[in-house]
Amino acid sequence: MRPPRPRTLRARLTVGLVTLLAVSCAAVGLAAVVELNGFLTQRLDEQLAQVGTRFPESLEHEGRLPDDHDGDEHADTRRTATGTFGARLLHGTVTHKGLIRSGDPAADLDVDLTARDAGRLARVPADARPHTVDLSALHDYRVVASPGRDGDVLIVGLPLEPVEATVHRLELVAGVVFGLALVVTGVAGAWWVRWSLRPLSRVAATATRVGELPLASGEVALPPRAPDTDPHGEVGQVAAAFNRMLGHVEDALTKRHASEERLRRFAADASHELRTPVASVRGHAELALLHPGPVPPEVTRALHRITAESARMGEMVDDLLLLARLDAGRPLERRPVDLTRLVLDAVTDARAAGPGHRWALDLPAEPVTVEGDAHRLHQVVANLLANARVHTPVGTEVTVTLEAGTGGARLTVHDDGPGVPEDIRPTVFERFTRAEHRRRCDAPGGGAGLGLSIVAAVAEAHGGGVDLESGPGSTSFTVRVPARGDGAVSTG
């Protein structure tokens, strides 16, 4: 199982610092151990050179050198170091062997060697150079094999245990010291990195607060800028660039909000000013149709078209005024609304307007009641049903489902028509959105693309929302209306 990787920059810098220090400590420790081991082994080899072959030669003569050696200078092996090992081999067989344990060669010559030990000694080349041999009875020894005068091989060795003990002690001390150094460096490095990255943490905190702001909702007060630091450092440069970006964002938001406010005022004023002339045109057209005298058929048809288009324009003006009021944040009426009755009435009207469609209802057993504006909620249901009727072919089945829960009511309008074109799904609730190829190829006329935007605006004004799921043969619009003030939707 791989260890978890550090996620934050602070953790990565700290881990990187400790890792580099650990590698450096390991390199220094390894170099020290190797150097010390080589130095002590070299000193041991020098001691072997000083010992020479005096001790293995003495084994054949019971601790004394033969008569042809110099007198008192080499006649006694009592000055040989404790732990010195000696052996005489003839034709690859150990004939004599000994080990000095207490400094008295005469008393400490016995040593037990296994057949494997004897074989290892026989394989040591007689080149008068030091070699390391592992003797089962004595552990590691540094030995030198030299050819004798009688065709034999004389081996002398000194134990490697003092060298290994010293090296192991150095390894232990280095491990403890370097371990403490890593711990102290890790703690101090974490504190130092955290202190050094404090300005960057403040920039991140400011960015988090900006990310939590509803920037798309209009005028927004941006939080204070990130504190200024040294502009010559990387963190200071990041903070300065971030502050400049916040300034540009604030200017853009201010300009966008002012532009949207001007557009809303224009839409509201234009809609308000259009209501009177549109109503006047419609009234004059209706009055002309009531003229008792003969009217040519062409004029009658023109007057009927004027009446129909003026009525359509009046509805469009009313929709624009409604959107302008919702954009301005004007509160809606809050009264208990029987959604069940409202859905029944809207479906009845839709069935009369679209007899060629198949209309179905799926309602709970008990009436569903929420708090809201009954007129606007009826407009939501009517717009969804009109959208399904206008944009689907005759014979399409439209099912209206109403559900109640502790969180609110859910109204779903589903049809098995061709589906909403994929290219307009992301903007289907925006104003004046109309598909190039309508879902129903023979649908006459059509609105101005405000129906679904009114559905979304009214749902949001009630504290809810609307979702779309669409594909070939299945389209569902789901409106969510939150619960009443007591925390639950009333049923029954």
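The values are calculated or read from the model by the stated rules, or taken from the named source; none is laboratory data. These figures come from a predicted structure and were not determined experimentally. In this analysis, Cβ positions are derived from the backbone assuming ideal geometry, glycine residues included, and neighbour counts consider all displayed protein chains.
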Handout entry: Number of the condition not met by T406 [criteria: (1) under 42 Å from the mean Cα position of the chain (by Cα); (2) surrounded by 15 or more Cβ atoms within 10 Å (Cβ to Cβ)]
Key = (2)
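Quick grid of which residues meet (1) modelled with pLDDT of 90 or more; (2) hydroxyl-bearing (S, T, Y); (3) surrounded by fewer than 15 Cβ atoms within 10 Å (Cβ to Cβ); (4) outside the structural domain of M316 (by TED's automatic domain parsing):
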residue: L384; (1), (2), (3), (4): yes, no, no, yes
residue: T412; (1), (2), (3), (4): yes, yes, no, yes
residue: R431; (1), (2), (3), (4): no, no, no, yes
residue: A448; (1), (2), (3), (4): no, no, no, yes
residue: S453; (1), (2), (3), (4): no, yes, no, yes
residue: E469; (1), (2), (3), (4): yes, no, yes, yes
Exercise for the section: Could you check the stretch 113-216 for helices (runs of 4 or more DSSP H) lying wholly inside it with 2 or more residues that are among the β-branched types (V, I, T) and over 19 Å from A87 (Cα atoms)? Expected result: 161-196, 198-211
Handout entry: Of the criteria (1) modelled with pLDDT of 75 or more; (2) closer than 30 Å to A457 by Cα; (3) surrounded by fewer than 15 Cβ atoms within 10 Å (Cβ to Cβ), which one L246 fails
Key = (3)
Problem - Residues satisfying the stated conditions in the stretch 316-346, i.e. closer than 18 Å to A456 by Cβ, in a helix (DSSP H, G or I) and either at pLDDT below 80 or out of contact with any Leu (no Cβ under 9 Å at 6 or more places or on another chain) (or both) - result: M316, D318, D319, L320, L321, L322, L323, A324, R325, L326, D327
Handout entry: Residue check, T276 polar (S, T, N, Q), more than 49 Å from the chain's Cα centre (by Cα) and modelled with pLDDT of 90 or more
Key = no
Practice task
Consider L44 carefully, then state whether it is in a helix (DSSP H, G or I), under 60 Å from the mean Cα position of the chain (by Cα), modelled with pLDDT of 85 or more and not acidic (D, E).
Solution key: yes
Practice task
Provide a single number: the residues in the stretch 115-153 that are of a type outside the set (D, E, K, R), within 24 Å of N37 (Cβ to Cβ), surrounded by 12 or more Cβ atoms within 10 Å (Cβ to Cβ) and at pLDDT 85 or above.
Solution key: 12
Exercise for the section: Can you confirm whether the stretch 386-395 contains a residue that is modelled with pLDDT of 90 or more, part of a helix (DSSP H, G or I) and charged (D, E, K, R)? Expected result: yes
Problem - Those residues of the stretch 300-355 which are among the basic types (K, R) and closer than 21 Å to L289 by Cα, in sequence order - result: R301, R305, R312
Exercise for the section: Go through A288, A267 for me and flag whichever is assigned to a helix (DSSP H, G or I) and at pLDDT 75 or above. Expected result: A288
Practice task
Would you mention how many residues in the stretch 178-228 are modelled with pLDDT of 70 or more and on the phi > 0 side of the Ramachandran plot?
Solution key: 0
Exercise for the section: List the number of the failed condition for S201; all other conditions in (1) surrounded by fewer than 16 Cβ atoms within 10 Å (Cβ to Cβ); (2) more than 41 Å from the chain's Cα centre (by Cα); (3) free of Cβ contacts under 8 Å to residues at least 40 places away in the same chain hold. Expected result: (2)
